[in-house]
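Throughout, read-outs are computed from the coordinates displayed, never taken from laboratory work. Not measured: the values here are computed from a predicted model. Here the Cβ is made from the backbone with ideal geometry for all residues, glycine too, and neighbour counts use every protein chain on show.
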Amino acid sequence: MSRVLIIGAGGVSRVCTYKCAQHPDVFSAIMVASRTKSKCDQIAADIAKDIGRDDIETAAIDAEDVPALVALIRSFKPDLVIHLALPYQDLTIMDACLEAGVHYLDTANYEPKDEAKFEYSWQWAYQDRFKEKGLLAILGCGFDPGVTGVFTAYAAKHHFDEIHYLDIVDCNGGDHGKAFATNFNPEINIREITQKGRYYENGKWIETEPFEYRKELNYPNIGERSSYLLYHEELESLVKNYPTIKRARFWMTFGDEYLTHLRVIQNIGMAGIEPINYQGQEIVPLQFLKAVLPDPGDLGENYSGETSIGCRIKGIKDGKEKTYYIWNNCSHQAAYDETGAQGVSYTTGVPAMIGAMMLLTGKWGGTGVKNVEEFNPDPFLEKLNEYGLAWHEKVNVDLEL
Ligand code: NDP
């Protein structure tokens, strides 16, 4: 019986709140708080209608206002804060958790607003403070980062003596019928994919131009898709926690149409994050673009197809080379039917709920700041199967990489 405060009211929060509401034995009291309270109220009303649970509380909060957050935490008294707003708020929410004495969980690492750069250093710097307070902060507990780290931990525990090559492959084989839309917050998404790529090899990070490396990869139940090398945050913690890794890369699929739109957006300056003056008002082009693009939360209704995200791993077991592929496919339509949100929100919100459940039921413990691969993967993956994201594995297959 635990109390959780969920911050943010976008697609990921919707899914996570639905999933928490389905388990009153663990999540006995839930509050959703975000910048726009009406969005929290909508989630609470939909849950009352769909699940019959009418006790979800809501509140308005600016998650960058630490005193206001501390006051909210002190009045609701949660055991855990689940942060599903934006990466810009990671540090203020961690500060508030420390001050009010509650555990913390998020799905994306901190990113300063004025620089498109994300890395764990800012959050890892909280290690001693969380330890001193006897609190736990779980970082990156969505799908990628999140399940991909748990998949790697599972592979290391059950399939390999040493992992040498890790390729994380992320395919969205879905079709939402729009000319151009992003599957989660457009500002965060476009900042992420227009950066230079990076991968890890033999102890060094190698930088690439955006979309410089492309491979045709086959995804289960989807087929062949063009996959591009990107930098992704879990690579940073995985190469640290698995020092036998010689090379770690991340691949994501993009269609030609998507890339053409993205190129135009960049060429005309709409991906800019520096404020400009427009008719006497300061606007950030990328934030303006977000306002005119489809809301990722509204893509679900006509979204067909599946996502497929997994880890393709090569290493050594009992002195012999071994390959291993572990993945999940998620249907956009099934996600929408259950929660009113599309598959990308679903694949993030479900692991956030399971991570919270692991912490609250004592399956994942300790103090300090930890990435998901530092915990026992087995109970998490058992729940992943049970709560909507069944996973599959194949041994000694062609990894194509
Ligand atoms: P949305 O943009 O749909 O939702 C973000 C929510 O945060 C909105 O409700 C927004 O409020 C709220 N918010 C923004 N700023 C503040 C603030 N200062 N104070 C309070 N609330 C605020 O995003 P998603 O639901 O798609 O994504 C949520 C998070 O999940 C993001 O951090 C994203 O990076 C992460 N993510 C992680 C993935 C993974 O696999 N690990 C994959 C996909 C997403 P308002 O409604 O007023 O704008």
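Multiply the residue separation of TYR387 and ALA59 by 0.36 nm, subtract the distance between their alpha-carbon atoms, and state the gained length in nm to one decimal. Don't skip to the end; give the middle numbers.
Values: separation 328, 0.36 × 328 = 118.08 nm, distance 2.73 nm.
Taking TYR387 through ALA59 to full extension adds about 115.3 nm, to one decimal.
Report the local net charge at CYS171: Lys and Arg +1, Asp and Glu -1, summed over other residues whose C-beta lies under 14 Å from its C-beta. Working shown, then result.
Values: positive: ARG214, LYS215, ARG225, ARG312; negative: ASP144, ASP167, ASP170, ASP175, GLU216, GLU224, GLU306, GLU400.
Here the count lands on -4.
Looking only at LYS178, LYS363, LYS383, which one moves most when the chain is put into a Gaussian network model with springs between Cα atoms under 10 Å?
Looking only at LYS178, LYS363, LYS383, the biggest GNM fluctuation is shown by LYS178.
Given the C-alpha centroids of region 263-315 and region 198-232, what is the distance between them in whole angstrom?
The distance from the Cα centre of region 263-315 to that of region 198-232 comes to 20 Å.
What FRET efficiency comes out for GLN287 versus ASP398 if R0 is 35 angstrom and r is the Cβ-Cβ distance? Round to the nearest 0.05. Write down the numbers at each step before the final one.
Working: r = 44 Å, r/R0 = 1.25.
My answer for the efficiency is 0.20.
Within the chain, which whole H helices from DSSP have a Cα span along their axis of at least 18 Å and a mean Kyte-Doolittle hydropathy of 0.5 or more, if any?
Details: long enough: 37-50 (20 Å, -0.69); 343-360 (25 Å, 1.31).
Span-like helices here: 343-360.
Starting from the Cα of ASN202, step 7 Å toward the Cβ, then list every residue of region 315-335 with an amide N under 19 Å from that point.
Counting only backbone N, you get 315.
Once the piece of chain linking ASP41 and ASP318 is laid out straight, how much longer is it, given 0.36 nm per residue of separation minus the C-alpha distance between them?
Contour length minus Cα-Cα distance gives 94.2 nm.
For the pair LYS246 and ASP50, what calculated FRET efficiency results from E = 1/(1 + (r/R0)^6), where r is the Cβ-Cβ distance and R0 = 51 Å, to the nearest 0.05?
The pair ASP50/LYS246 has a calculated efficiency of 0.60.
Order these by the 10 Å Cβ neighbour count, fewest first: MET357, MET270. Display every interim value, and only then the final one.
Numbers: MET357 24, MET270 15.
By the 10 Å Cβ count, ascending, the order reads MET270, MET357.
Which entries of LYS157/LYS322; LYS157/LYS320; LYS215/LYS290; LYS204/LYS246 show an alpha-carbon separation above 18 angstrom in the structure shown? Before the final figure, lay out the partial values.
Numbers: LYS157/LYS322 14 Å; LYS157/LYS320 16 Å; LYS215/LYS290 29 Å; LYS204/LYS246 9 Å.
Pairs exceeding the cut-off: LYS215/LYS290.
Would you order GLU216, GLU233 from fewest to most other beta-carbon atoms within 10 Å of each residue's own beta-carbon?
Details: GLU216 10, GLU233 22.
Ascending number of Cβ neighbours within 10 Å: GLU216, GLU233.
Could you line up TRP124, TRP327 from fewest to most neighbouring Cβ atoms inside 10 Å?
Details: TRP124 19, TRP327 23.
Listing TRP124, TRP327 from fewest to most nearby Cβ atoms yields TRP124, TRP327.
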